[in-house]
Amino acid sequence: MRNGAKIGMVSGVLAVVASGVGYGAYNIWTGLNSSGGGSGTSSTTQAAPVRTGPPTDDEISSTAKDFLTAWSDGDAEKASQLTNNAGDSQPLLAGYREDAHVTKVTLTPGAPTGAKVPFTVEATLSFEGKTKPWSYSSSLTVVRGLTTGRALVDWDASVIHPQLKKGDTLTTGEAKAAPVKAVDRNNIELTKEKYPSLGPILDAMRERYGSKAGGKPGIETYIEKSSDGASADTAPAKTLVVLAKGTPGLLHTTLDARTQAAAETAVKKFDESSVVAVKASTGEIRAVANHRADSFNAAMQGKLAPGSTMKIMTAAMLINNGVASEKSPVLCPSEAIWHSQTFHNLDNFSIAGGTLETSFARSCNTAFIKPLSKLSDLHVADTALPSTAKKYFGIGEVWNVGIASADGSVPETTGPNTAAAMIGQGLVQMNPLNMAAVTATARSGSFHQPVIVPRSMLDGAVATAQPLPYNTAQQLRDMMHTTATAPYGTGTVAMSGVGGYKGAKTGSAEVDAQGKSNSWFTGFSNDLAAAAVVQSGGHGGDAAGPVVAAVLAAGS
């Protein structure tokens, strides 16, 4: 009974201290003055041992209840002191009322699963005479405080709302941007509901073009992204509730609803997959789709080694430098060494008496590394590929696509990295948008920087590059056509259902500490070019190939 009496006394003191100097003072008081549970006759007060180990079921339930009660009462200070990070939690908890304009909230805890407690939120939002109910679910986790031993809510911004991240703010007021009604090239409306992959893209378009397209903002509750993290372009404000609708502006895009629908369906067959399709003769983006665990637009913003799809540019470089040509014999041994680094072909295959065309179609790595000795004699081994990528394919220029995108990178290298770059490994980085543009350049003979809105809507100029020499472009098309049609072509199976004049290139990119390589595939049919990546998808023709083929079949 001694312990029970002591808890009662502390509770009594709590009521007085909390009302006098604030809840934070109680934390200090209990840490310094708690009794060790002695007889009470000693004049020396000893601190109680700090509790260790996971929180008990009772602690989890009571801590969650106390935190949710303080939060719902609007006592941000008290609620923050029940977390393990009062400094970060207090501003968000206070902002829930002050910035998000929540006038009433009911927080109902559910049954805990271990230390995790789910809860539901029933709130009312009010701003300048506009009100709206708001319901959602979230969760919190209770942990043992490292220094105090108290059971505390393990603070994360997602406790407030599951879509909040560190540094984000929750705001109700005039929307950051006017809404848009985005339409495809045939004036078909594009919505997130019908085309889920376009969700983040439509948000980005709204952020950049809402007012420019003639729209007027409404009243919304939204998540404003941290200025310390992604920029507004890469992570626009996220609308959660619309209290009063704005007036949408009409935004014309270069997308094609039919091709977009095919891309959406195709990527769903593989986890962590992305695809982009562009019109080869103009650079107009016809489709962008992602199927990922996150909402990242990897199709346009990813940065990955492209594997053997890089051989399109490598082949152009070899032809332009007079080192090889489509029909010229090239060596394709099972392995090649450059600067003491050994490079292999898949399953160590080799080709006897082959040409550049057969090595391209069968994706022989060593055939694209062995010519480095000749390039070295010309004193361009480390610079020829980056120069070709920038001069003819626009890789290395700053692209102005219309929304945020990552530019491809083929940097100058030395040593083994030079050989790795020839086959799309090492320091080379691309995404499906970049590789679709590379294929479009090979198909049309000239680089047309991809755009997703009419060029008249863009702020600033687009990137440019020189046309490929006619003979070089023709040889690239021939080799890609062979890859997509010859019995030995690595892209033939995937492209079998694609009509028209077609071409392809496969790629498999190895990634450190990843058991399975990334699957890459790029191809064209008539005037449409497309590229896809499936992370951990294996061989290029197995996963990314069917994605590209489905898009080309629908859009070409």
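Quick note: the coordinates plus some simple rules give every number you see, no bench work behind them. Being a predicted model, the structure only gives us computed values, none of them experimental. Neighbour counts run over all protein chains shown; Cβ positions are idealised from the backbone, glycine included.
Structure above, values below:
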| quantity | calculated |
| --- | --- |
| At 1.567 mPa s and 4 °C, Stokes diffusion of region 297-449 via Kirkwood alpha-carbon radius, µm² per second | 83 µm²/s |
| Distance between modelled label sites at Ser281 and Phe296, nm, 7 Å Cα→Cβ extension | 3.7 nm |
| Per-pair calculated FRET efficiency, R0 = 35 Å: Ser226 and Leu250 via Cβ, rounded to 0.05 | 0.65 |
| Tilt relative to the chain, helix 257-267 - C-alpha long axis, 0 to 90 degrees, to 10 | 70 degrees |
| Rough spin-label spacing in nm, given labels placed 7 Å along Cα→Cβ, for Ser409 and Asp347 | 3.5 nm |
| Options [x] 1.24; [y] 1.84; [z] 0.95 - which one matches Cα Rg over 2.2 N^0.38 Å as calculated here | [x] |
| Alpha carbon Rg of region 258-555, scaled by the compact-globule rule 2.2 N^0.38 Å | 0.90 |
| Aspartates and glutamates with Cα under 16 Å of Lys327, excluding same-chain neighbours fewer than 8 positions away | Glu357, Asp478 |
| Kirkwood hydrodynamic radius of region 406-556, from inverse mean 1/r over distinct Cα pairs, in Å | 16.2 Å |
| Efficiency of FRET from Cβ geometry, Val183 and Ser328, R₀ 51 Å, rounded to 0.05 | 0.55 |
| Packing rank of 200-213, 81-94, where each peptide gets the mean count of other beta carbons within 10 Å, highest leading | 200-213, 81-94 |
| Stretch gain in nm, segment Arg258-Glu128, where the contour uses 0.36 nm per residue and the Cα spacing is subtracted | 42.6 nm |
| Links that overshoot a 28 Å alpha carbon limit, given the list Lys166/Lys390; Lys225/Lys505; Lys192/Lys303 | Lys166/Lys390; Lys225/Lys505 |
| Efficiency of FRET between Ala486 and Lys192 - r from beta-carbon atoms, R0 56 angstrom, step 0.05 | 0.85 |
| Antiparallel content of DSSP bridges confined to the chain, in %, to 5 | 90 percent |
| Proximal lysines to Lys216, defined as alpha-carbon separation beneath 19 angstrom and excluding residues fewer than eight positions away on the same chain | Lys130, Lys176, Lys181, Lys238, Lys245 |
| Set of aspartates and glutamates near Lys516 by C-alpha distance (under 16 Å), chain-local residues within fewer than 8 positions excluded | Asp271, Glu272, Asp347, Asp542 |
| Burial ranking of peptide ranges 489-499, 163-173, 545-555 (average Cβ count within 10 Å, highest at the top) | 545-555, 489-499, 163-173 |
| Per-peptide average of other Cβ atoms within 10 Å, ordering 417-429, 476-488 highest first | 417-429, 476-488 |
